[in-house]
Structure formats: structure tokens, C-alpha cells
Amino acid sequence: MKLYEHISLKPYNTFGINQKADILIEASDEKDILEALTSYPTLKVLGGGSNILLTQEVKTPLLKITQKGITTERENNSHIWLKAQAGEVWSELVDYCVLRNYGGVENLSLIYGSVGAAPVQNIGAYGVELKNAFHSCEAIDRESKQKVIFYKNDCNFGYRDSLFKQSKGRYIILSVTLCLTKKEHFFKTHYGNIKALLTEKGWEETPAHISQVIKQIRQSKLPNPIELGNSGSFFKNPIISREHLLSLQKTYPELPHYWVSVTQEKIPAAYLIESCDLKGYRIGQVGVHKGQPLVLVNYGNASGEDILSLAHYIQGQVKKRFNIQLEMEVNVW
Ligand SMILES: Cc1cc2nc3c(=O)[nH]c(=O)nc-3n(C[C@H](O)[C@H](O)[C@H](O)COP(=O)(O)OP(=O)(O)OC[C@H]3O[C@@H](n4cnc5c(N)ncnc54)[C@H](O)[C@@H]3O)c2cc1C
């Protein structure tokens with residue numbers, strides 16, 4: 001176990017915000033984690049810092065799980081169950097699967113962050129969510145200090161949502177087990193231009209080819225946090241009622257929307273922000289990305305508060321024009 005005091009979190013968050021933490025503990029196994037919890041019962045978990053916005057110094061002790069390892073739990077002719085420790089890097093786990101032709105997570109290539117955080121917001125991209133390949137996870141329940149196992153149906157997974165997010169830090173995820181296909185994969189290639197790119201390259205649908213195409217699309221669309229601080233999509237795509245959609249369509253007949261249920265439709269937040277003429281908008285050190293309006297960027301030395309003010313401004317503009325309240329996907333600390 002390593003303990004750092006008054007440490008700058010700049011290298012620990014993809015927005016590149018320079019805020020300090022009073023205490024940061026690195027724990028490389030379960031014993032360390034339990035010890036840290038005993039000494040600092042109020043601690044918060046920090047993963048790769050790719051979905052947090054630091055708006056103030058962090059007084060609550062932080063726990064960073066560094067435990068790595070990917071093991072095969074079981075397998076049969078058609079499936080394999082892989083267990084990855086919380087400190088593994090998510091995109092490296094995807095590469096591990098793709099390299100071995102295991103299917104199920106190829107659409108989630110190049111998503112930032114740790115394996116331990118992946119169930120928290122049920123990460124998703126290109127028509128696939130973690131829940132599709134999720135089998136179970138092990139966690140420590142801070143209330144009972146016991147280790148618990150959650151299976152898929154226990155996790156209350158929703159769009160960028162889960163039991164772990166709803167219970168606001170009660171569970172510390174130690175490992176995640178995925179159930180992946182070894183053959184007869186079920187690919188989702190209808191999203192974006194995945195299919196068109198595969199055809200253009202003359203590639204058949206395999207986990208490796210789909211992963212490669214998705215990496216290419218993501219790299220062409222999303223800013224790299226190493227070059228331009230950001231945390232991916234800042235807002236969730238709002239879900240509105242069908243009545244609301246019908247009334248908006250009178251003014252905006254071209255408004256894109258996706259079926260959620262008989263009564264609800266999802267609207268791309270990027271479209272709403274762009275319609276408010278905010279794509280590429282910049283104020284001082286912060287801005288809305290030129291290519292992807294869902295992404296807010298730090299042009300240099302922005303503070304978390306600067307980014308938060310921009311987020312509030314965007315919310316206000318979208319509310320005024322569409323009467324839709326954008327919800328933040330990023331966790332504000
Ligand atoms: C360029 C870019 C692109 C992105 N694209 C996508 C995308 O396509 N789809 C998507 O869904 N997300 C995307 N994200 C967001 C981010 O990658 C995910 O939310 C990721 O799961 C966050 O992981 P993290 O380890 O960085 O978590 P952190 O940001 O460190 O933490 C996020 C939350 O999870 C909690 N947490 C972290 N680890 C644990 C643990 N072990 N146990 C319990 N709680 C924990 C933290 O306390 C915090 O509340 C993107 C981010 C970036 C920077």
C-alpha cells in the first residue's frame with residue numbers, strides 16, 4: 001500500500017485539472033483495500049479519472065486500486081468467462097479479448113478508464129453496453145465490510161446507470177467477470193459507419209476487425225485527452241416523452257430521435273448543443289469541441305469550475321430552446 005499526501009491530481013484525471021488531494025492511497029490487493037477502508041472509512045474510489053470533474057481540493061481520502069490480472073474462470077465450446085481485476089485498464093482488457101477472438105466487447109474498444117469503474121456507469125458505445133457481456137462482479141460492501149457478488153440481474157443496469165452509481169459509492173468493485181463468445185459471435189455493426197468501413201476495407205466481421213474500425217472512428221472523432229483534456233461525452237442523451245417530441249417536431253421537423261419505449265424517445269444531446277450554435281464555442285480556457293459537441297475540453301489551464309460554468313451555460317441554452325434538461329454524465333467532485 002502506498003500513501004501520498006497533498007498530491008496534485010493533474011496526472012490522475014483526463015481533464016487535466018490541477019487540484020490536490022489530501023490523501024491518495026494506492027492499493028494493490030484486497031488486504032490493502034480493507035486496511036485502507038479501516039483507516040479511512042469515508043474514502044472515495046478513483047479509477048482512471050476519465051469520468052470525473054474536479055471542482056475543488058479533495059479532502060476525502062482517495063483510494064486507487066492498482067490490482068491487475070485477467071484469468072479464465074471457466075469455458076466450454078461456445079463461451080469463456082474471463083475475470084479481470086479492478087485495476088486493469090478497460091481498453092487493454094478489450095484488446096486481450098479481441099486478440100484471442102473472444103466476442104462481446106469489441107464495440108467498447110478504446111473507452112478510457114479502469115475495469116473497476118466500467119459497471120458503475122454501464123459503459124457503452126456503438127450500440128453495445130457493458131451489461132451485454134457482463135456476467136458478475138465482486139465488490140466490498142462498505143456497510144457490512146463483506147465481500148459480495150453481483151450477477152447481471154442484481155446490478156440494475158440502465159443507460160449510463162447501475163446499482164453502483166445509484167448507491168453512491170457503497171460498493172467498491174474488486175473484479176469484473178465477462179461472459180464472451182468463442183465462436184458464433186453476435187456482432188452489432190449497424191451503428192455509425194462501422195459496416196461501411198468494414199466493406200471499404202474488404203474485411204469480414206470478426207472481433208479484431210470491428211475493434212480496429214471502431215478505434216479508427218473514435219480516433220478521428222474524439223480528442224485525445226493527452227493532447228486536449230476532456231472526459232468524453234459530458235452529457236447523457238436525454239430521454240423525453242413522445243408528446244414532448246411531437247410538440248418539438250412542429251418547430252424542428254428534422255429532430256433526430258431513437259425509440260426507447262412506447263412512450264419515450266432518446267434525443268442526441270450533440271444535436272441539441274449544436275442547434276444552440278455552441279459547437280466549437282470557446283470561452284477562455286474551456287470550450288465545446290469543434291468536432292464533437294458532446295465533449296467539453298480544457299484548452300490549457302482551465303479549472304474544474306470553468307468547465308462546470310460552461311456546462312451550466314449549455315444546459316441553460318438547451319433548456320431555453322428545447323425545454324429539455326441535459327443531465328451530466330460526468331461525476332462532479
Ligand atoms: C476520451 C474519452 C472517451 C470516452 N468514451 C466513453 C464511451 O464511449 N462510453 C462510455 O460509457 N464512457 C466513455 N468515457 C467515460 C469513461 O471512459 C468511463 O466512464 C469509465 O468507465 C470511467 O472509468 P475510470 O476508471 O476513469 O473512472 P473514474 O473517472 O475514476 O471514476 C468514475 C466513477 O466510478 C467510481 N469508481 C471508479 N472505480 C471504482 C471501483 N473500483 N469501484 C466502485 N466505484 C468506482 C468513482 O468513484 C467515480 O464515481 C470516455 C472518457 C474519455 C476521456
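The values are calculated or read from the model by the stated rules, or taken from the named source; none is laboratory data. Because the structure is predicted, anything quoted here is derived from the model rather than measured. Cβ coordinates were reconstructed from backbone atoms using ideal geometry, including for glycine residues, and neighbour counts include every protein chain displayed.
Details
Residues are listed down the side, and each one gets a yes or a no for (1) away from the ligand (no atom under 16 Å from the Cβ); (2) polar (S, T, N, Q); (3) outside the structural domain of Cys155 (by TED's automatic domain parsing):
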{"residue": "Ser175", "(1), (2), (3)": "no, yes, no"}
{"residue": "Ile226", "(1), (2), (3)": "no, no, yes"}
{"residue": "Ser231", "(1), (2), (3)": "no, yes, yes"}
{"residue": "Tyr252", "(1), (2), (3)": "yes, no, yes"}
{"residue": "His257", "(1), (2), (3)": "yes, no, yes"}
{"residue": "Leu278", "(1), (2), (3)": "yes, no, yes"}
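- Qualifying residue in the stretch 82-89 (condition: touching a strand residue (DSSP E or B) at 6+ places or on another chain (Cβ under 9 Å), in a helix (DSSP H, G or I), within 27 Å of Asn230 (Cβ to Cβ) and more than 9 Å from the ligand (Cβ to nearest atom)): no
- Evaluated against (1) outside the structural domain of Gly124 (by TED's automatic domain parsing); (2) away from the ligand (no atom under 13 Å from the Cβ); (3) touching a His at 6+ places or on another chain (Cβ under 9 Å), Ala21 falls short on exactly one condition, (2).
- Single condition Gly192 does not satisfy, out of (1) under 23 Å from Lys236 (Cα atoms); (2) in contact (Cβ under 8 Å) with a residue 60 or more places away in the chain; (3) within 11 Å of the ligand (Cβ to nearest atom): (3)
- Pairs with Cβ under 9 Å, 6+ apart, first in the stretch 138-163 and touching a residue at least 12 places away in the same chain (Cβ under 8 Å) and aromatic (Phe, Trp, Tyr), second assigned to a loop (DSSP other than H, G, I, E, B) and more than 12 Å from the ligand (Cβ to nearest atom): Tyr159/Val260
- Residue match in the stretch 195-211 (condition: of a type outside the set (Gly, Ala, Ser), touching an Asp or Glu at 6+ places or on another chain (Cβ under 6 Å), within 16 Å of the ligand (Cβ to nearest atom) and not in a strand (DSSP E or B)): yes
- Restricting the stretch 151-186 to residues that are in contact with a Gly (Cβ under 6 Å, 6 or more places away or on another chain) and within 19 Å of Leu99 (Cα to Cα) leaves a set whose member that is surrounded by the most Cβ atoms within 10 Å (Cβ to Cβ) is Leu180.
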